[in-house]
Structures are given as C-alpha cells and as structure tokens.
Amino acid sequence: MPIIEFWILDVSYDVVGGVPEVRMWGVDRAGRKIVVLDRGFRPYFYVVVDEHRGEYEEALRKALSAYTLLGVEAVEKKYFGKPVKAYKLTLTNPRLVPRARESAARLKFVRDVLEADIRFYMRYMVDNGVLPSTWHLAEVEEADKPRQWRVDAVYLAKRPPEPVEDDRSIPPLKTLAFDIECYNRYGEPDPERDPVIIIGVAEEEGVKLYTADNHSDRELLRSFTEHVKRSDPDIIVGYNSNRFDWPYLLERASKNHLKLAVTRAGGQPAPSVYGHISVTGRANVDLYDYAEEIYEVKVKSLENVAEYLGVMRRDERTIIDPNLIYRYWDDPEKRPILLRYAEDDVKSTYGLAGKILPFGIELSSIVGLTLDQVFAASVGNRVEWHLIRQAYRYGELVPNRVERRYETYRGAIVLKPKPGVHENIAVIDFSSMYPNIMIRYNISPDTYVPPGEEVDESEVWIAPEVGHRFRKSPPGFYKKVLERLLEARRRIKEKLRELDPETPEYRILDERQRALKVIANATYGYCGWSGARWYKREVAEATTAWGRMLIKKTIEYARKIGLEVIYGDTDSVFVNYDPEKVEELIRYVEEKLGFDVKVDKVYKKVFFTEAKKRYCGLLEDGRIDVVGLEAVRGDWAEISKEVQEKVIEIILREGDPWKAVEYVKKVIEDLRSGRVPLEKLIIWKTLTKDIEDYEVDAPHVVAAKQLAEAGYRVRRGMKIGYIVTRKGGEKVSSRAKPFFLVKTIDEVDVDYYIRRQIIPAALRILSYFGVKEEHILGGGRQASLIDFLG
DNA sequence: GCCTTGAAGTTACCG
DNA sequence: ACCGGTAACTTCAAGGCG
C-alpha cells in the first residue's frame with residue numbers, strides 16, 4: 001500500500017452512488033496534481049439529553065428512520081465545560097442532515113441539537129485534524145481517474161491523511177492571475193448586454209491578453225477557458241473577482257452557450273460560502289478581500305494597493321478613466337492604450353499574489369479554512385473556525401448560532417493627553433494585553449460562575465468593577481486556546497532569531513507568527529460579538545475591566561516613581577523617557593502585576609492637542625508618526641492632508657509655527673489661482689448603507705444619488721468621491737458633485753476648501769501655538785510675538 | 001421669520 | 001457580521017429673540 005505526501009489546496013465532496021466522498025485536492029512532493037478521496041467518513045450530529053435511556057434511542061431511530069440513519073451512539077461530551085450526555089446520530093447522506101435535525105429537534109426529550117450545521121467536508125477535516133495549506137501523509141491506493149478530472153492521479157485513502165508536523169514548506173504552486181475588461185458604453189457593464197472585451201492573464205512565464213472579436217466574446221471566453229485548462233494553475237487570483245469577474249464571465253458564458261469548464265473536476269466555477277466562488281481543485285483567491293483589511297490604503301483600488309505593497313508604482317502604469325473603456329476599445333488608435341492598461345492591471349494582480357498569499361497560506365493552516373475561503377471569511381468566522389477545531393480536540397460540543405439582542409459593555413480607558421510638544425517620550429505597552437488577561441484570569445464562558453452560584457472566594461477570580469467571577473481551575477476553553485496560540489508564536493519567534501531573514505523559511509515563519517497574533521488578538525473581539533457561538537458578554541466585560549485595572553495601576557506606579565504620564569490608551573502609557581525609572585516601571589508591571597510590557601517606541605518629540613487618539617511624533621530614527629489626525633484619515637481632501645502633514649513636519653523638525661503659517665498661505669494662494677489639481681480636492685466617503693436608508697442628505701449621499709441618476713450602479717460599501725462646487729444651495733451637500741463630473745477648477749467652491757478643509761487641518765496643529773484663522777487668511781506677512789502671547 | 005445652538009446622524013479613526 | 005472609545009464633520013429641528 002503506497003504512502004504519499006501531499007499539500008492540500010482545496011477540499012470538496014460529492015455523493016457518489018449514495019456514498020459521500022471527501023476530495024482533497026493538492027500537490028505531491030514531485031509536483032504532481034493529485035486528489036485524495038476518502039469514502040470512509042459519514043455525517044453526524046448530536047442531540048443532548050438528560051440521561052441515556054433505551055427508549056430515547058428507540059425513539060431517535062424511529063424518528064430518523066427516513067434519513068438513512070446509520071447509527072445512534074450514546075456518548076459523553078462536554079458542553080461549556082460541563083459533562084453532558086448525548087447521542088451521536090450518524091447518517092449516510094450529508095444532504096439529509098438538515099431534515100434529520102428538524103425531526104430530532106421535535107422529540108420532547110431532546111434538549112439541544114448540536115453540530116448539525118457543520119458542513120460535511122469541514123466536519124471531516126476537523127475530526128481528522130486535516131489542515132488545508134499543509135503537508136499530509138496518506139496511505140492510499142491508486143484509483144481510476146474519471147475522464148473529465150484534470151489531475152495526474154487519483155488516490156483512495158485507506159484512512160484519513162495525517163498532517164506532517166513542523167513542515168511549513170510550500171510546494172511550487174502555479175499561480176495564475178486574471179482580470180477582465182468589459183464593454184461599458186452604457187455605463188456600468190451589464191453581462192446581459194455587454195461583452196467581455198479583454199481578459200488578461202499573468203503567470204510566471206509572462207502576460208497574455210485575450211481580446212474579443214469586436215463585440216463578440218465567444219471566442220475570447222473559449223480561449224480563456226482553454227488557457228486555464230492548459231496552464232492548469234493551482235491558485236487563481238483576481239481583484240474583486242468573486243463579486244465581479246467570475247460572475248460576469250459565468251453569465252457571459254451562459255449567454256454564449258459555453259461552459260467555463262476550468263475546475264479540476266471538469267465543471268464550472270460556482271458560488272460557495274462567504275460569497276466566494278469555488279473553482280474545485282484549485283484555490284480561487286480574491287485579493288480584494290485581503291486588501292479590504294489594509295487600513296493604510298483608504299481607497300482600495302488595485303492601483304493604490306499595488307503601489308502600497310510595492311508591486312507597481314502609479315507613475316509607471318497606464319491609467320485610464322474606467323468609465324471610458326469602451327471608447328478606447330472602439331477607437332483603433334487608442335486600443336493599444338487600453339491593452340497596456342489591462343496588462344498593467346493583471347501584472348499588478350499577479351504581483352499582489354506574491355505579497356499576500358504567504359500570509360493567507362499560514363492563516364489558512366491555522367484556522368483550518370481552505371486558502372480561498374480564508375480570505376473570503378470574516379474575521380469572526382476565521383476565529384470561530386479556529387475555535388471549532390480546538391473544541392473538537394477538547395471534546396467540547398460546538399454551540400449553535402443564535403440570534404441575540406445586542407448589548408453593550410464598557411471598554412478601555414483613554415487618558416486625556418497633556419497638550420503641547422513633549423520631548424523624549426517613551427511609549428510603554430502591554431504585549432497582547434487582552435489575550436494575556438483572558439489567560440491569566442481564566443476568563444471563559446465555561447469558567448464563568450453566574451451570580452446565584454455559591455463558590456468559595458478563594459476558588460474564583462473576581463473581575464474589578466463588574467464583579468464577574470471565573471473559576472481558577474480547570475483551565476477554560478479560551479485560556480487553553482489562547483495559550484496554545486501564544487506559545488506557538490513564542491516558539492516561532494525564537495526560531496526566527498536563528499534564521500537568516502533573507503531565506504524563504506524566514507518569510508514563511510514570519511507570516512505564521514503574524515497570523516497567530518492576528519487570531520489571538522481577534523479572539524477577545526470575537527467573544528464580545530453577539531453573533532458568536534461562544535459569545536458571553538461577561539467574558540468580554542471582565543476582560544476590559546481587568547484591562548482598565550492594569551493600566552490604572554501602571555499609571556499610578558509611574559507617577560509614584562516620578563514619571564510624568566503624558567497620555568495613555570487601552571494598553572499603553574506615554575512617559576518621559578528616564579531609562580532607570582522606565583526600567584523600574586517595567587519591573588513593577590512584570591513582577592507585581594504579572595504582565596509583559598515593553599518600550600514600544602521612543603519619541604524625540606511628540607505633540608498632542610486636547611483631543612484623545614490624535615497626535616504626531618518624531619521618532620528617534622527621524623521618521624514621523626501621525627496618529628488619528630486628518631492627515632491619516634481617508635475622508636479629507638488630499639490637499640488638506642498634505643498641508644497638515646507638512647505643518648506637522650515643520651513643527652516637529654523646525655519648531656517654527658510661523659513658517660508653517662507661511663506655507664499654508666502659499667498653498668491657499670496656489671488654490672486660489674488654480675494651481676492645485678482637481679484630484680487633490682476629491683473627498684472620499686464610504687456609502688455605509690443603501691441610499692434610501694439615509695436620514696440626512698450628507699454630501700456623499702447627495703453625490704451618490706447623482707451617480708445613481710446618471711445610470712451608475714451605486715451600492716452599499718462603495719467609496720463615493722465628490723468635490724464641493726460653487727453652484728447649488730447653502731448646504732454643502734447641495735453643492736457636492738461626483739468628482740469626475742467636475743471638469744475645471746472654476747466650478748469648485750475654493751472657499752469651502754480653504755475654510756472647511758485646509759484651515760481646520762492646519763489649525764488642528766497650529767492653534768496650540770496661538771495661530772488663528774485670521775493669521776492665515778490675513779494679508780500681512782507674519783503675525784507678531786504679541787499675537788502669540790496674547 | 002431669522003439666528004443660534006445643540007442633538008442626531010454619519011464616518012473613520014485608535015488600540 | 002470581532003469590540004468599545006473617540007473626534008469631527010454636516011444636517012436639522014428646537015428654542016430664543018423680536
């Protein structure tokens with residue numbers, strides 16, 4: 001019986017001849033594309049009962065007899081840490097589980113029906129410890145390959161594959177990026193009417209552009225399908241491909257009576273969980289899903305994200321107005337520009353894959369979702385799948401999803417900053433504060449002691465302020481899970497110290513420790529999310545309560561030993577950098593409070609206004625940090641952000657507010673005389689709800705309505721870019737216009753930009769130094785010292 | 001009826 | 001469909017004044 005090693009790319013299942021078959025698609029050590037089948041697993045779920053009784057068993061058999069029931073097994077499990085009795089009901093056909101669940105739930109003695117909503121192939125992976133994006137060993141026999149399957153070999157597993165410990169190497173995976181352009185003469189392209197005109201494909205060997213025959217995309221779609229089949233990629237990446245490219249291609253294929261048979265099972269891509277499109281046997285990754293999480297990039301266009309990740313510079317690429325694509329297509333002179341644009345897009349997409357996939361691969365293997373699902377899944381779902389995996393290891397039943405009403409609880413402490421410029425300031429912060437609090441005080445739904453229950457005080461931790469109690473032992477679910485994550489991360493970081501940062505191994509492990517941190521840190525947020533299976537308000541509430549206690553004690557001690565506390569937020573304190581005292585403070589927190597803290601950074605200078613969560617500082621290496629201020633917000637015009645950034649730079653580097661005033665005046669002059677490009681005046685705001693649901697006509701809502709009227713598809717989640725013009729009413733919103741409808745600076749309400757954008761952004765910093773609006777608007781060169789003192 | 005004021009609605013940030 | 005805390009903008013309606 002041969003033993004093979006393979007790396008899992010995708011997992012699917014089908015029912016063949018009444019038998020469910022789990023299919024693990026992957027790559028073996030020799031680089032062959034293979035699929036390993038397991039026909040030995042059956043779906044099941046649990047019913048919780050008060051006690052095991054023969055008559056219950058009989059009743060269950062009877063009630064479920066119509067659903068190919070294979071067995072009823074009395075089992076002892078744990079539910080929220082408490083031993084419970086249950087029956088494990090095993091069926092043959094996964095598709096019958098939902099109905100079987102209903103029937104079981106109707107029986108009077110059934111207290112709970114659990115785990116009936118775990119998808120079959122996930123059930124298989126969880127129970128057998130099978131991890132996507134990880135090497136496995138499997139004892140197999142070779143099986144016949146169905147004709148349409150596009151793999152080198154099909155194996156039948158004797159038993160479930162086992163993951164190979166400590167081998168995080170990644171096989172050579174063939175990646176294909178694609179991107180489509182559509183004909184859009186009538187606004188938003190409509191697959192009912194408008195053909196696909198270009199499909200760009202980028203791979204290691206280069207870029208290939210497929211084009212439509214004028215307005216017929218039949219051959220184009222065929223060529224693309226053939227290309228993918230020939231090229232046989234392991235990973236397909238796109239940018240917004242789950243929501244746009246794939247649905248569009250599928251619709252066009254259907255119009256043309258074609259099949260986009262690009263999966264390794266021979267079928268078409270199909271909608272799947274978390275709004276992603278599944279290309280069976282391959283990982284179909286939409287990089288936009290990851291881009292959405294890059295908060296530094298405000299408008300998440302492909303160009304912006306590619307620039308941010310160092311994949312392609314904006315000034316090196318062809319940029320055309322996407323609304324005018326059809327003109328470039330129809331005009332033979334301009335068509336080459338469009339082709340270059342398409343080429344740059346698909347090249348960027350391919351480049352992004354190299355930057356993003358290594359993290360996705362590690363995240364996928366940690367939370368146990370396939371590579372293509374892990375990006376599509378929300379943070380909450382990623383955390384939850386990680387928890388479900390762990391629950392299985394500990395014999396814990398998985399709670400059902402339930403609708404709960406939303407409740408609030410108190411969060412962290414934010415200190416009022418001491419306004420002004422401070423020199424030599426150390427920022428001390430707690431390492432992974434919330435995870436460590438949950439571990440230290442054993443905070444978990446299963447260790448929670450409700451108010452009525454009598455327990456000796458010595459046996460519980462009592463949360464400050466809120467009084468919630470948690471048993472000190474045994475270790476709770478969250479504690480075990482978080483300890484395991486942090487421990488794994490600690491081990492990796494240790495190993496990283498011995499590795500050369502230039503090696504692929506270093507990169508992989510560095511991404512892994514990052515993924516571990518992300519999941520650990522998101523677990524607190526998860527436990528306070530009312531949609532979570534393991535939700536418990538008291539858990540989240542106690543965690544923040546202990547957080548407040550810790551930061552308060554830290555501040556108190558800092559003051560006691562003569563450190564001045566300038567500011568603090570949640571898990572950080574800003575103090576004057578007196579190395580000995582800072583050392584002493586750290587020792588206090590570590591020894592007396594029992595938590596890890598470190599000097600995160602040291603500012604040569606840091607500036608605060610009276611506002612919390614907004615400051616800027618000059619670091620020791622000369623870089624400037626801007627936090628919370630307009631300059632780092634996506635909803636201010638570029639011109640205002642630029643001005644504020646420059647003002648901050650002048651203040652921190654030269655300490656001369658009046659020089660900054662001169663600079664601001666100059667920018668205003670430039671704006672008045674039309675020397676500022678229109679792009680710098682665009683204000684971007686997200687449409688967070690459907691347009692009809694808005695109660696007030698905010699400027700971006702009015703702009704969005706204009707877009708809708710002009711025939712554009714306006715959807716929730718879109719960023720609306722508008723410019724404030726002169727024509728219209730009093731209200732700003734009545735003068736807001738979609739940016740690309742504004743053609744010249746003459747239409748712009750320059751005064752709005754000066755008084756409501758540039759001046760506020762500049763004064764946010766400068767007003768502390770006595771600068772007033774008049775100083776910037778006034779004609780005089782420079783205000784006097786008297787102004788400053790007065 | 002006009003002007004001021006503050007609440008409400010809205011977005012995006014911090015940790 | 002991860003949390004609460006926060007600043008700051010725009011709109012809108014209530015309240016004050018005459």
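Regarding residue A:660, is this residue more than 13 Å from DNA strand C (Cβ to nearest atom) and surrounded by fewer than 22 Cβ atoms within 10 Å (Cβ to Cβ)? When the stated conditions are applied, residue A:660 does not pass them. The set of residues from the stretch A:579-612 being touching a helix residue (DSSP H, G or I) at 6+ places or on another chain (Cβ under 8 Å), within 16 Å of DNA strand C (Cβ to nearest atom) and not in a strand (DSSP E or B) comprises just one member, A:609. Residue-level check: of (1) within 16 Å of DNA strand C (Cβ to nearest atom); (2) in contact (Cβ under 8 Å) with a residue 24 or more places away in the chain, residue A:408 misses just (2). Return a yes/no flag: does the stretch A:506-516 have any residue that is over 22 Å from residue A:440 (Cα atoms), assigned to a helix (DSSP H, G or I) and without any contact (Cβ under 8 Å) to a residue 12 or more places away in the chain. Among the residues of the stretch A:506-516, at least one is over 22 Å from residue A:440 (Cα atoms), assigned to a helix (DSSP H, G or I) and without any contact (Cβ under 8 Å) to a residue 12 or more places away in the chain, which makes the answer yes. Total residues in the stretch A:182-215 satisfying the condition of being of a type in the set (S, T, N, Q) and modelled with pLDDT under 95: the figure is 2. Quick one: in the stretch A:404-420, of everything that is of a type in the set (Gly, Ala, Ser) and within 12 Å of DNA strand B (Cβ to nearest atom), which residue is farthest from residue A:430 (Cα to Cα)? Looking at the filtered set, the residue picked out is A:411.
Checked against the criterion of being modelled with pLDDT under 90 and over 32 Å from the mean Cα position of the chain (by Cα), the stretch A:748-762 contains not a single residue that satisfies it. In the set A:563, A:593, A:585, A:619, only one residue is hydrophobic (A, V, I, L, M, F, W, C), out of contact with any Pro (no Cβ under 9 Å at 6 or more places or on another chain) and under 22 Å from residue A:462 (Cβ atoms); that residue is A:593. Residues considered: A:685, A:689. Of these, the only one that is of a type in the set (Lys, Arg) and in contact with a strand residue (DSSP E or B) (Cβ under 8 Å, 6 or more places away or on another chain) is A:685.
Scanning the stretch A:516-532 for any residue that is buried (at least 16 other Cβ atoms within 10 Å of the Cβ), away from DNA strand B (no atom under 16 Å from the Cβ) and of a type in the set (D, E, K, R) turns up nothing.
In a residue-by-residue description of the stretch A:252-260, the property of being part of a helix (DSSP H, G or I), more than 31 Å from the chain's Cα centre (by Cα) and surrounded by 17 or more Cβ atoms within 10 Å (Cβ to Cβ) applies to at least one position. Checked against (1) outside any helix (DSSP H, G or I); (2) under 21 Å from residue A:687 (Cβ atoms), residue A:333 passes all but condition (2).
Looking only at residues in the stretch A:728-743 that are within 14 Å of DNA strand C (Cβ to nearest atom) and at pLDDT 90 or above, the one that is surrounded by the most Cβ atoms within 10 Å (Cβ to Cβ) is A:736. Filtered by the rule that a residue be more than 13 Å from DNA strand B (Cβ to nearest atom) and surrounded by fewer than 18 Cβ atoms within 10 Å (Cβ to Cβ), the stretch A:680-723 gives A:680, A:706, A:708, A:709, A:710, A:711, A:712, A:713.
The values are calculated or read from the model by the stated rules, or taken from the named source; none is laboratory data. What you see is a predicted model; the values in this text were computed from it and never measured. For neighbour counting, all protein chains shown are included, and Cβ atoms are generated from backbone atoms with ideal geometry for every residue, glycine included.
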